[in-house]
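The values are calculated or read from the model by the stated rules, or taken from the named source; none is laboratory data. Here the structure is a predicted model, which means the values were calculated and not measured. Positions of Cβ are backbone-derived with ideal geometry, glycine not excepted, and every protein chain shown enters the neighbour counts.
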Amino acid sequence: MNELSIASIAELGEKVADNIGQVIVGKREEIRLILTALLSEGHVLLEDVPGVGKTMLARALATSIGGKFSRIQCTPDLLPSDITGVSVFNQKEGDFVFHPGPIMAQVVLADEVNRATPRTQSSLLEAMGEMQVTVDGNTYKLTRPFLVIATQNPIEYEGTFPLPEAQLDRFFMRIRLGYPTLSEEKEILQRLQTAHPIEEIVPCTDLSQVGHMQRLVAQVFVEESIRDYIARLVHATRSHPQVQLGVSPRGSLALMRASQARAALQGRDFVLPDDVKENAMSVLAHRILLRPESIMRGVTSEAVVDELLERIPVGAEPTS
């Protein structure tokens, strides 16, 4: 397939999802969200308990698109240079030589990102936001496609450094895998009895096709009423009585991009209201900072998003 079209993105997306499905049992919707983030050139915060397949999902995605995978184990003693790379003096050549860090890959897994110090966490910001890293005054461009999948355990807080709002906002989506069902767990036991399927999967596309898909997704048509709906959803988070800090303009842009990607993955060159609704929770919830008294009452950001989706109509509101 040399030339891709919007219609062919759906077919290719299914192939990638099926390929990942050889390693990750079930979780079809979560895989679709990961592909949505990839096609939107966004990054993912994968929040879940240990052992549900977060690392395998990232490895399977990298293999499926023919890209390089790297894993960063975040610990309190991890330095920014351990992520970005370091310049080392070469005595033979009489000059400094840059040794790239693990950030120089197509799919980067930052495991337990909240265990790294704020200084080290912030070293990811430039890479995630500007597709480059700066080391010793020199700037190095990252190769597209580039996807950071950061994981954190939502239960264990001892010895962690919570991600600040500025860094949470850099993540395009927050996704939770959850435990497998009983039947899925039985299938996992059967598949992994003799060998791990991650060693058997092969690429089903390449980096140039993924790049082409990303460019096509940006061209998916978004009607004015859909943009209005997205804007009203985001604005409503800023005036909600339970919310201290609402969604930023970066969040509204992310919701539009995610809606475009979902439409393309379904073979459409135009966005429907359902595309917005299906992505709203993953894109908006982690960007909402609740008031302390709301947290004490058990209110969640997911509940706020659900309420807004129920309350705000798709059609434009009448002007007063």
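Each residue in the range 69-93 was checked for being touching an Asp or Glu at 6+ places or on another chain (Cβ under 6 Å) and loosely packed, with under 15 Cβ neighbours inside 10 Å, and 1 of them qualify.
Consider HIS196 carefully, then state whether it is over 23 Å from the mean Cα position of the chain (by Cα) and outside the structural domain of LEU265 (by TED's automatic domain parsing). Here the answer is yes, as HIS196 does meet what is asked. Considering GLU14, GLU47, GLU41, GLU29, the condition of being out of contact with any His (no Cβ under 6 Å at 6 or more places or on another chain), under 14 Å from GLY211 (Cα atoms) and among the charged types (D, E, K, R) is satisfied by GLU41 alone.
If you scan the range 33-55, which residues turn out to be under 15 Å from the mean Cα position of the chain (by Cα) and in a loop (DSSP other than H, G, I, E, B)?
Taking the range 33-55 as the starting set, the residues that turn out to be under 15 Å from the mean Cα position of the chain (by Cα) are 33-48, 54-55.
Residues satisfying the conditions are SER40, GLU41, GLY42, HIS43, ASP48.
Considering only residues that are in a helix (DSSP H, G or I) and either closer than 17 Å to LEU308 by Cβ or without any contact (Cβ under 8 Å) to a residue 60 or more places away in the chain (or both), which ones fall in the range 243-264? Give the derivation first.
Filtering the range 243-264 down to residues in a helix (DSSP H, G or I) leaves 249-264.
PRO249, GLY251, SER252, LEU253, ALA254, LEU255, MET256, ALA258, SER259, ALA263 - these are the residues of the range 243-264 that are in a helix (DSSP H, G or I) and either closer than 17 Å to LEU308 by Cβ or without any contact (Cβ under 8 Å) to a residue 60 or more places away in the chain (or both).
Residues that are touching a Phe, Trp or Tyr at 6+ places or on another chain (Cβ under 7 Å) and without any contact (Cβ under 8 Å) to a residue 60 or more places away in the chain were ranked within the range 38-87; the one that is farthest from LEU253 (Cα to Cα) is SER87.
Between a residue in the range 111-127 that is of a type in the set (Lys, Arg) and any residue that is modelled with pLDDT under 85, which pairs come within a Cβ distance under 6 Å, given they are 6 or more apart or on different chains? What qualifies is ARG115/THR160.
Sort out which residues of the range 56-109 are modelled with pLDDT under 90 and assigned to a strand (DSSP E or B), and write them in order of number. Selection gives GLY85, VAL86, SER87, VAL88, PHE89, ASN90, ASP95, PHE96, VAL97, PHE98, HIS99, PRO100. Report yes if some residue within the range 15-32 is among the hydrophobic types (A, V, I, L, M, F, W, C) and within 12 Å of the chain's Cα centre (by Cα); otherwise report no. So far as the range 15-32 goes, yes, one or more of its residues are among the hydrophobic types (A, V, I, L, M, F, W, C) and within 12 Å of the chain's Cα centre (by Cα). In the range 124-242, counting only helices (runs of 4 or more DSSP H) that sit wholly within it, the ones holding 1 or more residues that are hydroxyl-bearing (Ser, Thr, Tyr) and over 23 Å from ASP111 (Cα atoms) span 182-191, 207-217, 224-238.
Would you check if there is a residue in the range 215-228 being over 30 Å from LYS15 (Cβ atoms), surrounded by fewer than 20 Cβ atoms within 10 Å (Cβ to Cβ), touching a residue at least 40 places away in the same chain (Cβ under 8 Å) and not basic (Lys, Arg)? Walk me through how you get there before you give the answer.
Within the range 215-228, the first condition is being over 30 Å from LYS15 (Cβ atoms), and the residues that meet it are 224-225, 227-228.
Narrowing the set further to residues that are surrounded by fewer than 20 Cβ atoms within 10 Å (Cβ to Cβ) leaves 224-225, 227-228.
Adding the requirement that they be touching a residue at least 40 places away in the same chain (Cβ under 8 Å) leaves 225, 228.
Next cut, not basic (Lys, Arg) only: 225, 228.
So far as the range 215-228 goes, yes, one or more of its residues are over 30 Å from LYS15 (Cβ atoms), surrounded by fewer than 20 Cβ atoms within 10 Å (Cβ to Cβ), touching a residue at least 40 places away in the same chain (Cβ under 8 Å) and not basic (Lys, Arg).
Here GLY298 meets the list (1) part of a helix (DSSP H, G or I); (2) modelled with pLDDT under 95 almost entirely, failing just condition (1).
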